[in-house]
1. Return the only residue of A:Arg485, A:Arg414, A:Arg469, A:Arg474 being at pLDDT below 95 and out of contact with any Gly (no Cβ under 7 Å at 6 or more places or on another chain).
2. Can you name the number of the only condition in (1) surrounded by 21 or more Cβ atoms within 10 Å (Cβ to Cβ); (2) under 21 Å from A:Ile48 (Cα atoms) that A:Arg149 fails?
3. As an exercise: evaluate B:Asn279 against (1) within 13 Å of B:Leu114 (Cα to Cα); (2) surrounded by fewer than 22 Cβ atoms within 10 Å (Cβ to Cβ); (3) away from chain A (no Cβ under 14 Å) and give the number of the one condition it does not meet.
4. Return the only residue of B:Gln340, B:Gln296 being more than 10 Å from the ligand (Cβ to nearest atom), part of a strand (DSSP E or B) and modelled with pLDDT of 95 or more.
5. Considering only residues of segment B:357-375 that are surrounded by 14 or more Cβ atoms within 10 Å (Cβ to Cβ) and over 16 Å from the mean Cα position of the chain (by Cα), which is modelled with the highest pLDDT?
6. Those residues that are in a strand (DSSP E or B) and within 30 Å of the chain's Cα centre (by Cα), I need them from segment B:307-320; list them, please.
7. Need at least 2 residues that are under 29 Å from the mean Cα position of the chain (by Cα) and within 17 Å of A:Leu517 (Cβ to Cβ) per element, so show me which helices (runs of 4 or more DSSP H) inside segment A:333-442 make the cut, counting only ones lying wholly within it.
8. Filter segment B:60-96 down to residues that are more than 23 Å from the chain's Cα centre (by Cα) and outside any helix (DSSP H, G or I) and give me whichever is surrounded by the most Cβ atoms within 10 Å (Cβ to Cβ).
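The values are calculated or read from the model by the stated rules, or taken from the named source; none is laboratory data. Remember, it's a predicted structure, so these values are computed and weren't measured experimentally. Every residue, glycine among them, receives a Cβ derived from its backbone with ideal geometry; neighbour counts consider all protein chains shown.
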Amino acid sequence: MDKVPVRRVRRKASGSPSAAAALPAAPLDYRPTLLLGSVFVIATCGLIYELIAGTLASYLLGDSVLQFSTIIGAYLFAMGIGSWLSRYLGGSLLRWFIQLEILVGLVGGFSAPLLFLLFEHVSSFRLILYSLVGLTGILVGLEIPLLMRILENRFEFKDLVSRVFTFDYIGALLASLVFPLVLVPQLGLIRTSLLCGALNVVVAGIALYRFPETRPFRRSLGGALAASLLALAVTFGYAGQLQAYTEGLAFQDQVIYTKTTPYQRLVLTKNQRELRLFLNGNLQFSSADEYRYHEALVHPAMQALPKARRVLVLGGGDGLAVRELLKYPQLEHIDLVDLDPGMTRLFQQNQMLLELNQRALLNPKVRVTNADAYQWIRQDTSRYDCIIVDFPDPGNYSIGKLYSAAFYRALEQRLAPGGWAVVQSTSPYVARRSFWCVAHTLEAAGFTTLPYHAYVPSFGEWGFILAGRNSHWRPDAGPLPPGLRYVTPATIRDMRFFPPDMSEVPTEINQLNNQALVRYFEEDWGPYAH
Amino acid sequence: MGSAGLLLAPLAGLHSCAPGSRRSHIRGSMHGANHATGHLLRDPARLPDPTRTEAVEVLIVGGGVAGLTARRELERQGLQPGQVLLVELDEQPGGNSRAGHNGVSAYPWGAHYLPVPDPRNHELLAFLRDAGVITGTDAASDLPIYNEYYLCHDLEERLFIKGHWQNGLVPELGVPPAEKEQIARFFALIEELRQTVGTDGRDAFVIPLEASSQDEQFRRLDEQPFAAWLDEQGFTSPHLRWYFDYSCRDDYGATAAQVSAWAGLHYFAARKGRAHNANGADVLTWPAGNGFLVEQLRRQAQSSIRPDTVAFALHQTPTGLAVDCYDVATKQTTRVTARQVLMATPLFITERLLAGLPAAAHRPLPVHRVPWVVVNLTVEGLPQGPGQPLSWDNVLYGTDSVGYVDAGHQSLSQTDAGARVVTWYRPLSDASPEAARRQAYQTSYDEWVRQALAELETAHHGLTAQVLRADVWVWGHGMVAPTPGFLWGGARAAAARPWQNQLFFAHTDLSGISIFEEGFAQGQRAAREVQAARRPTPA
Ligand SMILES: Cc1cc2nc3c(=O)[nH]c(=O)nc-3n(C[C@H](O)[C@H](O)[C@H](O)COP(=O)(O)OP(=O)(O)OC[C@H]3O[C@@H](n4cnc5c(N)ncnc54)[C@H](O)[C@@H]3O)c2cc1C
């Protein structure tokens, strides 16, 4: 996350400090000093809220320069509004000040947890972000003018102005140093925000119990104060869980597209180097190395089928496998079946993605069908020379059915004699039993299998299984298309070799009525989930 | 969900829940309680005299599992489709195994599964083969291979106990070690009983129950209540006792105190299913439940089925029997003469229909029949609690119901999160059957829905708001419960015996245990008896 240096300018209060000479303060009155001390705390916290909002905005929305400058602009402008509004506050100023501090503590304190939580669930996140920034700004903008009015009779005007602003700017310096160096690394954004909130409430508490003129409303405000402090403290205690929950939702890079379809949540992020697609928070591909995955998925099967005419792709709505297939000019027809129209439409329309998949899904040879793959292969009656099965990992019981022996038997009905199917089969390194369970299940369904694996930096070691019936396969059966960056006959030969830490292990067969694979998968990947 | 609109469209004639309640948006149908057609039988004298006559060789009265099985078997034994007629009171056959459907899914109204059968049950296996439920035989083991789409998919059962869904229905979560030890002892005993063979060489417990050993040491168990036997054996664990009550209510509609020890043990020890790709603990199920099997039975024969037709009186004629059948649609009565009549109706109905025949034809067998209420809930989603995800059979510990099944469980689609139908079952076993029946008939649609939701909300907070529709069926006469003495007391066997080569009987009431296999066995037996009566006896 890039940070943009922030220059802080605190608008002058627009109140009308009296120029009249102040009465000399009683020698033992420490209370003005206390109030000046609170200027320091208030200033530090106020800047931290601003930094939190800016950081969060660039963290969640990307484009840090733009986010930081607009957040700061909005915040300062809101402070101006606050300063201006302060003129309307009359009566017991101390009471106003205490109430204000409690409110700043709550609004500022809960700002980070709230923004994190809401990000994934609201459609107009920006509106909420700027409303919250505006509200905090207004409240913080009220603080200093109000304090100056409280202190106006205790100091001479020139002293007052010089002292208040000295503390204000020192607080700002402190904030800009501890925020990036101590608070964020040690506490994280959520705890930092809650801690500052608590400090504001503590300032309110000191004012409430140190000034005799607060007696009449000590009771009522004391209750609110205690409740606010408690709420902040409890949330602080649960910050760990909150963080874990929200972190899963947030992404490192700039989010350039999000869509929640009836089937999944699509999130596309971008940085200088790569585009990444996340489905339900799981990385689907990175444009930096997806070619390794898709070349490994497609070419070992296709090079063995120089006469292939018809291909079926199940899953793979990103069109990247189809892009590889289109490198074989002899192909006449490619059927792509993907559940989610939101996904295939994205890869047929978005300019960056069209560049990535080379407009594969718009090619006239390609027919895109949005359907449930299982239903579809049971209803379809045609045969394919090659079938590419690129489903999500078997992480739940309904996807587990797409890896069952029954599914593979149905798949076999769609495979032309001598043809090959290839199945993406999770990581043989991380999920060794899962990988071999897919292989054994394919064998139980009557296929001959050829397992292999490739290294894809974004994913690690990834596994695939070729499945054929009376089919012949050689790593150099036919010519590979020109221009491949990963797959060569030598790579294919290497991919077939399994070192001891990934070699075959005995497993159950994945049946609809035992869902053995989902269980292996949960156990294998369990230690990797955070 | 686009289907929601479709579902809610035909609101006319539907019941609705109490306005102002949290259920006020819920609508649906209610069946059974005021079943006009069934009530015609109360007062047959008010039905019109026959205006037409018709002659068939064999008339089957009742299109439940037993009647449909007999129809199929008679054709298999050589009767021509034109020689057999089946009359069914309802608008479609199936009886307790019938199914319904809406825009979201098919769903069961009663029976919803068949355990993988004992491979020695050859007749049942032949039917399942014809139905495509068995797809082949494994050459090495000679065991049947079942269609995987029909074997219940994994995540079969779960139990909501102590605020958590555990795997399986035998309580485990928070069960003290001493109770766990009893549970283990019980299942060890069952394993032994499953293997036990009587002095006559027959299995102690087997399905269909007629094939069980006649050995006194086992049959004696029929004389005492299951609960008393459990006390004697020291099975006192509260969790285990809950499980027995649940099991007995699930299969018989009655508690462990109401059924006999033989029946209670039969439930556990008689399932001896074996298959190449499944075992005795596995079950076969379909979105429509056993409505699927009913449909297969229907398709495997050609002879006519006349729905909406109530048989209401039998008479003797010089050549056989005549049965007066009232057509609900045309409001006319036809007198059907037949050489053989097969009564595939519940015994309390059979008794009424036979009123005009000599005393020897009567079947005065008192049957303990427990009413059931079934609520089919079509929901937009099912908010889940902690623990095992939604499974096929979902039971809530310590509740009045026996839980619910998910009609969408066998679905192969990935769109699982959406709308689905769940079928909630509750046997009314707390009062005497008569009192429970009277009470049930007086209970309103809203009250049944309220009770079902009140219970389900404990495990699925917020479910009420997600209900698109609720359909209720009150099975006033539900099914037979094997009370002590009923199974092996002798009266049951006598009641099943044909009368004068003219009148035959097939119904699960005559088994004492109401499950598909018994209905099927009843139909097979009765069809064989009809055939034997029709064949000229060798002089
Ligand atoms: C709620 C419920 C759940 C069940 N769940 C299961 C289960 O999961 N698995 C299982 O194996 N079993 C289950 N059963 C047991 C079920 O009863 C049997 O499986 C089977 O359906 C019984 O068939 P049957 O032919 O013996 O009787 P019935 O189903 O009673 O059939 C009798 C038929 O006769 C018709 N009839 C009655 N009177 C007349 C007349 N006068 N004229 C014409 N027709 C008439 C009826 O309409 C009916 O169709 C369940 C039962 C109930 C009530």
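1. Values: A:Arg485 fails: at pLDDT below 95; A:Arg414 fails: at pLDDT below 95; A:Arg469 fails: out of contact with any Gly (no Cβ under 7 Å at 6 or more places or on another chain).
Selected residue: A:Arg474, the only one of A:Arg485, A:Arg414, A:Arg469, A:Arg474 that is at pLDDT below 95 and out of contact with any Gly (no Cβ under 7 Å at 6 or more places or on another chain).
2. (2) is the only condition that A:Arg149 fails.
3. Result: B:Asn279 passes all but (3).
4. It is B:Gln340.
5. In the first step, residues of segment B:357-375 are kept if they are surrounded by 14 or more Cβ atoms within 10 Å (Cβ to Cβ); the result is B:357, B:361-363, B:365, B:367-375.
Narrowing the set further to residues that are over 16 Å from the mean Cα position of the chain (by Cα) leaves B:357, B:361-363, B:365.
On the way: B:Leu357: 94, B:Ala361: 91, B:His362: 91, B:Arg363: 86, B:Leu365: 91.
Looking at residues that are surrounded by 14 or more Cβ atoms within 10 Å (Cβ to Cβ) and over 16 Å from the mean Cα position of the chain (by Cα), I get B:Leu357.
6. Filtering segment B:307-320 down to residues in a strand (DSSP E or B) leaves B:309-317, B:320.
Matches in segment B:307-320: B:Thr309, B:Val310, B:Ala311, B:Phe312, B:Ala313, B:Leu314.
7. Details: elements: A:341-349, A:351-356, A:373-379, A:397-400, A:405-412.
So the answer is A:397-400.
8. Going through the qualifying residues, I end up with B:Val84.
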